[in-house]
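Just below is one structure, and these are the notes that go with it.
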Amino acid sequence: TLVRGRLLSFLRRPEAIDDTASYRYEEDGGLLVEDGMIVDAGPYAAVRAMAAADAEEIDHRPHLILPGFIDTHAHFPQMQVIGSYAANLLEWLNTYTFPEECRFVESAHAARIARHFYDEMIRHGTTTAVAYCSVHKASADAYFAEALKRGMRMVGGKVMMDRNAPQGLLDTPETGYDETRAVIAEWHGKGRNHVAITPRFAITSTPAQMEMTAALAREFPDLHIQTHLSENRDEIRFTSELYPEAVDYTDVYARYGLLGPKSLFGHCIHLSEREADAMSEAGAVAVHCPTSNLFLGSGLFPLKSLSRRERPVRVAVATDVGGGTSYSMLKTMDEAYKIQQLLGERLNPFESFYHMTLGNAEALSLSDRIGTLEPGTDADFVVLDAGATPAMALKMEVTRSLTDELFLLQTLGDDRAVRETYVAGRPMKAGL
Ligand code: GUN
Ligand code: FE
């Protein structure tokens, strides 16, 4: 298949708004797709010349084609938690989230919500997500089975948690370990699935369970690890009471061998300089979840200052649904922009779109496969229309530059701006 449109993809993180060498833009571009892969990309005429004469052609002009969005932190069992009225993280978890996650003991319920989760990903242009399932192995089975059905590259894990939650949501150090191993054996590398080692956070794991996660991390050094870190002041205080021997919250995870280059730490809002240095040294990733941080009143993530440190911390961006309030990576970056404004920083539109695509792929160490339109990578891409709504079309009348078009997409855009979402070369949104 030959797909025609305005191509935009990143080669590295943009250093400034005029850093035109950080991205590739093709006004009349073509992508040649075969067997789920991009085999050629560039000016339409050149790619057309490479393609078979009878190759099917899909013309998306005048819309933009970008690599599919990547969401590096979400909770699929929280689709019916989104928009729950709570004062802060711990109240929200106890009042809404934990009771809701208990329902995922039923595999039929898990399968139903998994279908909805993938529908929303595709609707919003997200082709890869990194998600927490619930504590129940059935939830991970449902999550990965649905990914396999749709041919999507997805990362996820059975949550491990053995204290400070309702009985129906607890495993044990042994069952958490055994079931995580079973999920890895059944799903990792099957289709495009990646299993992540997933202790929920220090508050809900005993030291005995943390020892078991350490064992998993040693046995499976290539797997992603995901957990939560330094989201809320009360959470930080409670964690230091539960782990008095650790020098700070980050050190709890470091002590159990969980601080490394495949580790994704949700939130990281209130890190000390020592913690940021430790993250930097380990190559661990701080995952910014702006809509969630504002919704739960957790705080303002120092995205620009963490990246600009002498010892920079790797950062990714994510929705954190259902603490987050939108499935859209466009809306996510709109809120990220506003948080930086409150911190006296500017996040330019190229940086934002870098983060949603290549930046998140780099954070997952998957930029050889996704987050790019380079030949040889997966044909996961999204078609964006900056004039998708009446209000957007009106603003487009006076929009003259690519910079302004991207900023309009980010500021007013949502799923309506996503004209099509291609997964492994196949258009998925039209069929929803
Ligand atoms: N910390 C531990 N669990 C969660 C969760 O489900 N959502 C958020 N935002 N923070 C958490
Ligand atoms: Fe989360």
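A few remarks follow.
- Qualifying residue in segment 178-188 (condition: surrounded by 15 or more Cβ atoms within 10 Å (Cβ to Cβ), in contact (Cβ under 8 Å) with a residue 24 or more places away in the chain and part of a loop (DSSP other than H, G, I, E, B)): yes
- Residue tally, condition more than 20 Å from residue 418 (Cα to Cα) and either within 16 Å of ligand 1 (Cβ to nearest atom) or crowded, with 23+ Cβ neighbours inside 10 Å (or both), over segment 51-73: 1
- Test for residue 259: is it of a type in the set (A, V, I, L, M), surrounded by 20 or more Cβ atoms within 10 Å (Cβ to Cβ) and touching a strand residue (DSSP E or B) at 6+ places or on another chain (Cβ under 7 Å): no
- Residue 230 polar (S, T, N, Q), away from ligand 1 (no atom under 14 Å from the Cβ) and buried (at least 17 other Cβ atoms within 10 Å of the Cβ): no
- Residue in segment 370-388 that is part of a helix (DSSP H, G or I), within 27 Å of residue 292 (Cα to Cα) and either among the charged types (D, E, K, R) or over 17 Å from the mean Cα position of the chain (by Cα) (or both) present: no
- Of all residues in segment 1-26, exactly one satisfies the criterion of being without any contact (Cβ under 8 Å) to a residue 40 or more places away in the chain and buried (at least 18 other Cβ atoms within 10 Å of the Cβ), namely 26.
- Residue within segment 321-340 that is part of a loop (DSSP other than H, G, I, E, B), in contact (Cβ under 8 Å) with a residue 60 or more places away in the chain, within 16 Å of ligand 1 (Cβ to nearest atom) and in contact with a Gly (Cβ under 7 Å, 6 or more places away or on another chain) present: yes
- When the test is whether a residue is in contact with a Cys (Cβ under 7 Å, 6 or more places away or on another chain), closer than 23 Å to residue 93 by Cα and not aliphatic (A, V, I, L, M), residue 156 passes it.
- Selection of first residues in segment 72-85 that are touching a residue at least 12 places away in the same chain (Cβ under 8 Å) and among the aliphatic types (A, V, I, L, M) and of second residues that are within 13 Å of ligand 2 (Cβ to nearest atom) and part of a helix (DSSP H, G or I), restricted to Cβ pairs under 6 Å at least 6 apart or on distinct chains, gives the following pairs, ordered by first then second residue: 81/97.
- Considering only residues in segment 37-46 that are closer than 26 Å to residue 360 by Cβ and not small (Gly, Ala, Ser), the one that is farthest from ligand 2 (Cβ to nearest atom) turns out to be 40.
Each row is one residue, and each column tells you yes or no for (1) in contact with a helix residue (DSSP H, G or I) (Cβ under 6 Å, 6 or more places away or on another chain); (2) within 23 Å of residue 384 (Cβ to Cβ).
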| site | (1), (2) |
| --- | --- |
| 255 | no, no |
| 278 | yes, no |
| 305 | no, no |
| 308 | no, no |
| 320 | yes, yes |
| 326 | yes, yes |
| 330 | yes, yes |
| 334 | yes, yes |
| 337 | no, yes |
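- Test result for residue 233, farther than 29 Å from residue 178 by Cα and away from ligand 2 (no atom under 16 Å from the Cβ): yes
Conditions tested, residue by residue: (1) within 16 Å of ligand 2 (Cβ to nearest atom); (2) surrounded by fewer than 23 Cβ atoms within 10 Å (Cβ to Cβ); (3) hydroxyl-bearing (Ser, Thr, Tyr); (4) under 15 Å from the mean Cα position of the chain (by Cα).
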{"site": "246", "(1), (2), (3), (4)": "no, yes, no, no"}
{"site": "253", "(1), (2), (3), (4)": "yes, no, yes, no"}
{"site": "266", "(1), (2), (3), (4)": "yes, no, no, yes"}
{"site": "270", "(1), (2), (3), (4)": "yes, yes, no, no"}
{"site": "273", "(1), (2), (3), (4)": "no, yes, no, no"}
{"site": "276", "(1), (2), (3), (4)": "no, yes, no, no"}
{"site": "279", "(1), (2), (3), (4)": "no, no, no, no"}
{"site": "283", "(1), (2), (3), (4)": "no, yes, no, no"}
{"site": "290", "(1), (2), (3), (4)": "yes, no, no, yes"}
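- Lone unmet requirement of (1) on the phi > 0 side of the Ramachandran plot; (2) more than 16 Å from ligand 1 (Cβ to nearest atom) for residue 83: (2)
- Of all residues in segment 292-311 being closer than 16 Å to residue 360 by Cβ and of a type outside the set (S, T, N, Q), the one that is surrounded by the most Cβ atoms within 10 Å (Cβ to Cβ): 301
- Inside segment 189-208, residues that are within 20 Å of the chain's Cα centre (by Cα), crowded, with 20+ Cβ neighbours inside 10 Å and in contact (Cβ under 8 Å) with a residue 40 or more places away in the chain make up a count of 9.
- Test: residue in segment 281-292 that is within 16 Å of ligand 1 (Cβ to nearest atom), small (Gly, Ala, Ser), out of contact with any Leu (no Cβ under 6 Å at 6 or more places or on another chain) and on the phi > 0 side of the Ramachandran plot: no
- The residue list 273, 211, 241 contains one member that is without any contact (Cβ under 8 Å) to a residue 24 or more places away in the chain, within 26 Å of residue 172 (Cβ to Cβ) and not hydroxyl-bearing (Ser, Thr, Tyr), which is 241.
- Among the conditions (1) within 15 Å of ligand 1 (Cβ to nearest atom); (2) farther than 22 Å from residue 360 by Cα; (3) of a type in the set (Val, Ile, Thr), the only one that residue 247 does not satisfy is (1).
No lab work stands behind these numbers, since they all come straight from the coordinates. This one's a predicted model, so the numbers in the text were calculated from it and none came from an experiment. Every residue, glycine as well, gets a Cβ built from its backbone with ideal geometry; the counts of neighbours run over all protein chains shown.
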